[in-house]
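This report refers to the structure that appears directly beneath it.
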Amino acid sequence: MIVCGVELSGSDAVVCLLNLDHGQFSLPECKVRKLSLKKNHTRADLQEFQASFAKLLSDYGVQKVAIKERMPKGKFAGGAISFKLEATIQLISEVDVEVLLFSPAQIKSTLAANPLPITFAETGLKVFQETAFVVAFVAHMAK
């Protein structure tokens, strides 16, 4: 099963695909590392972002999308645009995928019970994709 891990930051959705097949993890080759919302944040821009995200999910046969949840308030609160992006992803209807949200506490407890089998440096992914990779791993491990 292919999971698309997502970290929402500003007007960007950083993505990482992670496949689990017969107990073996693999990183499907994916040309897309992040999708960005245009600066205007109009309805048309949101629809374009949604269409691009849906195409990514369809092209790579993604079955689940795992998003690192942002806090609504406090020191680590997410920005308004990131909440728009989250809603846009959750409302994708063109592709039948399950969208899951994982809080930082859920991620931490899942990683404590199921440590990453390799270090992030060994994945060959870009540094900015680490959180998306971790949340995709957590989605596979979560019961």
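Here are the numbers for the structure shown:
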| item | result |
| --- | --- |
| Stokes-Einstein D (µm²/s) once Rh is taken as the Kirkwood radius of the range 2-141 over alpha-carbon pairs, at 4 °C in 1.567 mPa s | 85 µm²/s |
| Fraction of antiparallel bridges per DSSP, the chain only, in percent to nearest 5 | 60 percent |
| GNM result for the chain, Cα springs below 10 Å: residue of L116, L101, L35 fluctuating most strongly | L116 |
| Gaussian network model of the chain, springs between alpha carbon atoms under 10 Å - residue of Q24, Q106, Q63 with greatest fluctuation | Q24 |
| Choice from V65, V127, V15 showing the highest fluctuation, given a GNM over the chain with Cα pairs closer than 10 Å | V127 |
| Gain on full stretching of the segment that runs from S93 to L111 - 0.36 nm per residue minus C-alpha separation | 3.4 nm |
| Hz values of 3J(HN,Hα) by residue in the range 53-64 - Karplus curve (6.51, -1.76, 1.60), Gly and Pro given as x | 5, 4, 5, 4, 4, 5, 4, 9, x, 6, 9, 9 |
| Mean residue ellipticity (222 nm) of the chain, computed from DSSP H runs ≥ 4 via -39,500 (n - 2.57), nearest 500 | -11000 deg cm²/dmol |
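FYI, it's all coordinate maths here, none of it is from the lab. Because the structure is a prediction, the values reported are computed rather than measured.
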